[in-house]
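J.: Okay, here's the structure, questions in a sec.
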Amino acid sequence: MSRKIADKLKNAENIPPLPEVVHEILSITSKEDFSIKELKKAIEKDPLLVAKILKVANSFMYNPYGREITSIDRAIMQLGTKNLVPVVIGLSIAGMSDLAGKRFNKEIFWKHSYTCGHIAKRLAKRFNLPEAEAFTAGILHDIGKLILYIFFPEDYERALKLSEEKNLPSTEAEKLVFEIDHTEVGKLVLQQWKLPNLIIDVVTHHHEPSKARNKELAALVNISNILTRITGMYYNRDTLGVVLTDSEGWRILTKGAAEEEVEELVFSVFDDAEDAAHFAEIAWSK
Ligand SMILES: [Fe+2]
Ligand SMILES: [Fe+2]
């Protein structure tokens, strides 16, 4: 099976493309000096994206006082240029999930990905790691699941069932069915999309952060994923046995910290996670 999947994914035409505007925004924001005008010009090429960005910028997360934003440059400022890439990638992924067919639970996939991104962003600030990259990697961490589902819906259903019945982690159930898991598929997809190596590394290792080149950021997405699960934003509601402080990511991030410090952190990260999950819920229902 894995040969078949790898062959399919190696052919770039098979993978749904990331909209050109994402690459444009990535290249603009990667420069040291860029202007809102440049971003505006890139985004305005896609009227549908303009409408979506305005909607996000007017949501309570980015616009808590509710002063209506009607222009794209104001929207960019309201979101913050740091959040623009992850927001646009998130919108593209949400659109892509339509390709997975009716049985795919788009809502939970989106909520899981978005909550994870938001938690990662908030924690990045706390742990002094790059926020925009954490947000982007958090949103993209399970992209391999979506792609597997788009190509092999029945087999993926089988993997989901297996994971539930035998209480297996998703990566193991996927390996039994596909001989490859969503982290490896994610890597292939992000390579095809030519996303930055940092993002590819973190997404590839979000279940085993000690193997990443960027261990701390991978550890951050690892615990964000766990927290996302604990808040209930997961493919199944079973969170029994999921313990944040047992995770590899938590060990990497709290190495050398005093016990009281760790305890305090646990409480604050749970708060962040609840907020992020709450936002995902509201954003989806609007
Ligand atoms: Fe995952
Ligand atoms: Fe996940």
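The values are calculated or read from the model by the stated rules, or taken from the named source; none is laboratory data. It should be emphasised that the depicted structure is a prediction, and the values quoted were computed from it without experimental measurement. Virtual Cβ from ideal backbone geometry, glycine too; neighbours counted across all protein chains shown.
J.: Please enumerate the residues belonging to the stretch 53-73 that are assigned to a helix (DSSP H, G or I) and surrounded by 16 or more Cβ atoms within 10 Å (Cβ to Cβ).
T.: Listed by number, the residues that qualify are Ile53, Leu54, Val56, Ala57, Ile72.
J.: Could you check Arg126 against (1) more than 15 Å from ligand 2 (Cβ to nearest atom); (2) at pLDDT 90 or above and say which number it fails?
T.: (2)
J.: Follow-up question, since we're still on this one. What's the number of the condition Leu168 fails, among (1) more than 13 Å from ligand 2 (Cβ to nearest atom); (2) under 25 Å from Ile252 (Cβ atoms); (3) in a helix (DSSP H, G or I)?
T.: (3)
J.: So, in the stretch 77-123, of the ones that are within 15 Å of ligand 2 (Cβ to nearest atom) and of a type in the set (Gly, Ala, Ser), which residue ends up nearest to Ser27 (Cα to Cα)?
T.: Ranking the qualifying residues of the stretch 77-123, first place goes to Gly90.
J.: Filter the stretch 99-111 for residues that are modelled with pLDDT of 85 or more, under 19 Å from Pro153 (Cα atoms) and either in contact with a Pro (Cβ under 6 Å, 6 or more places away or on another chain) or part of a helix (DSSP H, G or I) (or both) and give the result. Give the derivation first.
T.: Of the residues in the stretch 99-111, the ones modelled with pLDDT of 85 or more are 99-100, 104-111.
From the residues that got through so far, the ones that are under 19 Å from Pro153 (Cα atoms) too are 99-100, 104-110.
Passing the criteria: Leu99, Ala100, Lys106, Glu107, Ile108, Phe109, Trp110.
J.: Considering only helices (runs of 4 or more DSSP H) fully contained in the stretch 1-52, which possess at least 2 residues that are modelled with pLDDT of 90 or more and more than 19 Å from the chain's Cα centre (by Cα)? Break it down into steps so the answer makes sense when it comes.
T.: On the way: elements: 2-10, 20-29, 36-43.
So the answer is 20-29, 36-43.
J.: Of the residues Leu26, Leu49, Leu99, only one is in contact (Cβ under 8 Å) with a residue 40 or more places away in the chain, exposed (fewer than 15 other Cβ atoms within 10 Å of the Cβ) and aliphatic (A, V, I, L, M); which? Full working, then the answer.
T.: On the way: Leu26 fails: exposed (fewer than 15 other Cβ atoms within 10 Å of the Cβ); Leu49 fails: exposed (fewer than 15 other Cβ atoms within 10 Å of the Cβ).
Only one candidate qualifies: Leu99.
J.: Another question, if that's okay. Output the qualifying pairs, or none if there are none: Cβ atoms under 8 angstrom, residues six or more apart or on different chains, first residue in the stretch 194-214 and touching a residue at least 40 places away in the same chain (Cβ under 8 Å) and closer than 16 Å to Gly144 by Cα, second residue within 12 Å of ligand 1 (Cβ to nearest atom) and in a loop (DSSP other than H, G, I, E, B).
T.: Val202/His141; Val203/His141; His206/His141
J.: If you take just the helices (runs of 4 or more DSSP H) that sit entirely in the stretch 183-286, which of them hold at least 2 residues that are at pLDDT below 95 and closer than 27 Å to Asn167 by Cα?
T.: Per the criteria, 215-230, 248-253, 259-285.
J.: Please work out which residue is nearest to ligand 1 (Cβ to nearest atom), limiting yourself to the stretch 120-158 and to residues that are surrounded by fewer than 22 Cβ atoms within 10 Å (Cβ to Cβ) and not in a helix (DSSP H, G or I).
T.: Phe152
J.: Give the stretch 169-202 a look and list any residue that's within 13 Å of ligand 1 (Cβ to nearest atom) and hydrophobic (A, V, I, L, M, F, W, C), or say none.
T.: Listed by number, the residues that qualify are Ala173, Val185, Val202.
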